[in-house]
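Right, one structure below, let's go through it.
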Amino acid sequence: MLSCDDIARYFLAQTDEDAGDLISNPKLQKLVYYAQGFCLALYDRPLFPESLEAWIHGPVVPELYRTYQDYAVRPIPRPNDLDFSRYENWVKELLDEVYAVYGQFSAWKLRNMTQEEPPWKNAVSDRGVIDRQAMKEYFGTLLVRDEAV
């Protein structure tokens, strides 16, 4: 199983600094959250083992936050040493789709979006840990809605 850092590094490798496509720690946290949620809904299994917590500015993987905390809201550099062969095709397809849909939004917009969603809202009053089953159920409703269109 990949780690949250593996997922984060994949997203960071998608950035194009020349095009102004940059990812800060807050934005990275939300992309990883969306990847986990859709993986749970589509494949009934987590993408990475680390837990997500409901922090004041939305979902956060504490271990991942600490890795990039020195960047604060500044752009995180693109990794130059990512081995894409470590990622199975279905994982790449999932992450590419999440990035295509959610990567276009600012960290602030993603923060606001996640704070309107039940997994984060319900976790705020429950030790702060975002329940995976709640994520699976919520993201499953997004898939059904998308398929109906």
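Just so you know, all these numbers are worked out from the coordinates, no wet-lab data involved. Values in this document were obtained by computation on a predicted structure and should not be read as measured data. With ideal geometry, Cβ positions are generated from the backbone for all residues, glycine too; neighbour counts draw on all protein chains shown.
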### Query
If packing is taken as the mean number of other Cβ atoms within 10 Å per residue, what is the order of 44-53, 28-37, 79-88, highest first?
28-37, 44-53, 79-88
### Relative contact order computed over the stretch 35-75 (Cα-Cα under 8 Å; 6+ residues apart), in percent
22
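Using just the helices of the chain, give the 222 nm mean residue ellipticity in deg cm²/dmol: DSSP H runs with n ≥ 4 each add -39,500 (n - 2.57), and the total is spread over all residues, rounded to 500.
Helix contribution divided over all residues of the chain: -17000 deg cm²/dmol.
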## Note on the structure
Cα gyration tensor of the chain diagonalised, 5x eigenvalues square-rooted, in angstrom largest first, produces semi-axes 22, 18, 15
